[in-house]
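See structure below.
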Amino acid sequence: RPYGPGSLEKVIGLEPPIFDFLVPLEPQVELGDYKALEIAYETPEIGEDEVDEQIEELRQQQAVTETSTEPATEGNRVFYSVSANRAEVEEGQETEIFPVRFNSLIIEAEGENQNQWPFPGFSANLKGMSIEEEKDIIYTYPEDHEDENLQSVEAIFHATVTNIQKVSLPEIDDEFAKTASDFDTLEELIADIKENLGKQKQNEYDSDYNDLVLNTLVEESTVKFPPQMLEDEKKDMLSNLEYRLSQQGINFDLYLQIRNMTKEDLEAEVAPLAEERVKRGLVLAEVAKAENLQIDPQQLAAEAGRTMEIVTRGMSPKDTKEFQKSDYLSSLVNSIMADMMTRKSMNYLRAVAKGDPLPEEETEESDTAEAQETPEAEATPEETLAPQTPEEVPTPEAKETPEEETSASVEESAEAETESE
């Protein structure tokens with residue numbers, strides 16, 4: 001069966017009429033031995049240092065500050081501007097790494113904070129500086145830096161201190177807990193922090209684990225699909241990106257200008273991710289088919305009802321009735337059903353890999369509990385209407401972040417030429 005409509009390649013003859021069509025065939029998936037998947041699952045633990053870090057953040061929020069005219073010292077908050085240039089510029093490279101930017105941080109003991117910007121331990125270089133004092137700081141980026149363009153690059157940072165504040169932090173006691181939270185005791189606050197950290201780390205671990213399980217199966221499977229399927233996925237991704245940009249009041253053409261690229265450049269950028277999404281989706285669909293996974297009609301109706309309530313919120317009764325008759329509603333329900341099936345497939349694979357297969361009477365409630373960790377089904381009802389742009393397609397807020405890349409080669413095209421008279 002064809003995946004989609006064919007395209008006329010050429011007219012071979014008119015008497016009799018013979019036409020050469022190129023027809024994209026439906027995708028083919030040969031699953032690896034998914035029932036033999038076995039991947040270690042280790043429940044993440046919460047370290048005391050993580051709890052201490054959260055407490056320290058709360059202390060900083062409750063801190064009392066006053067401007068200081070003395071040179072900056074450990075514990076002071078320093079406001080500064082900084083720019084960066086390459087120490088040595090090779091042909092084809094730009095001198096500027098980034099223009100002047102403004103920031104503030106607490107001066108900490110050297111090596112104590114590795115998350116400081118613009119590089120780990122930067123605050124130690126501001127120690128002893130006074131307001132309006134300028135300083136050049138030399139730093140060499142590590143050879144394994146996340147931005148390939150900066151690996152092993154020696155940079156000169158020009159920093160200017162604009163303000164210095166003395167910071168008085170509250171004692172860590174019950175009174176602090178009352179001020180910084182809704183709890184009456186420090187013990188209750190710490191317990192709540194541990195619980196929230198536990199949930200956060202568990203969700204992150206589960207998401208990574210699901211990715212590992214699915215990627216392992218994709219690598220062990222043979223997936224073939226027509227180029228048209230890849231093009232459709234790329235179009236969907238770009239359409240979703242354009243929608244999200246419009247929600248932020250950003251024109252798509254302006255976005256391309258900001259990133260200094262053409263639409264063709266962006267299409268090339270999303271191609272590897274689009275291919276990965278196609279493969280993952282096809283593999284999950286094949287698992288559902290192989291295991292005869294089914295969606296409960298009542299659960300589907302309930303999920304569709306919740307989504308409909310969100311979509312029609314604010315609509316008049318007349319508009320709501322018209323919407324319910326539209327083709328969009330059918331498309332929406334199909335999308336919801338696909339998401340539910342994706343969750344079921346992923347939950348099945350996850351259970352197999354952990355060594356504890358799900359019982360046959362599994363309910364959609366358990367599916368929903370896992371939804372946040374499901375690689376291909378992370379959308380909330382609102383996002384079902386306008387799927388989120390993948391993180392690998394950077395939005396203006398994150399354009400400074402090095403873009404992640406996925407490497408993959410396009411599978412053999414599943415196309416066939418047919419002649420008809």
- Under Karplus coefficients 6.51, -1.76 and 1.60, residue-wise ³J(HN,Hα) of the range 50-55 in Hz, glycine/proline x: 5, 5, 4, 5, 5, 4
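Report the FRET efficiency, 1/(1 + (r/R0)^6), for Gln54 and Lys321, where r is their Cβ-Cβ distance and R0 is 41 Å, rounded to 0.05. Before the final figure, lay out the partial values.
Working: r = 50 Å, r/R0 = 1.22.
Between Gln54 and Lys321 the formula returns 0.25.
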- Give, in whole angstrom and from largest to smallest, the semi-axes √(5λ) of the equivalent ellipsoid of the range 64-168, with λ running over the eigenvalues of the Cα gyration tensor. 28, 15, 10
- Query: Taking H as built 1.01 Å from N, whose amide H comes closer than 5 Å to the amide H of Val153, not counting residues under 5 places away?
  - Reply: Tyr141
- Query: For Arg350, Arg77, Arg259, what ranking results if the residue with the fewest other Cβ atoms within 10 Å of its Cβ goes first?
  - Reply: Arg259, Arg77, Arg350
- Using modelled amide H (1.01 Å from N, peptide plane; none on Pro or chain starts), what sits under 5 Å from the amide H of Met129, excluding residues fewer than 5 places away? Ala72
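All of the numbers you see were taken from the coordinates with simple rules; none came from a lab. If you're wondering where the values come from, they're calculated on a predicted model, not measured in any experiment. Cβ atoms come from the backbone with ideal geometry, glycine included; neighbour counts cover every protein chain shown.
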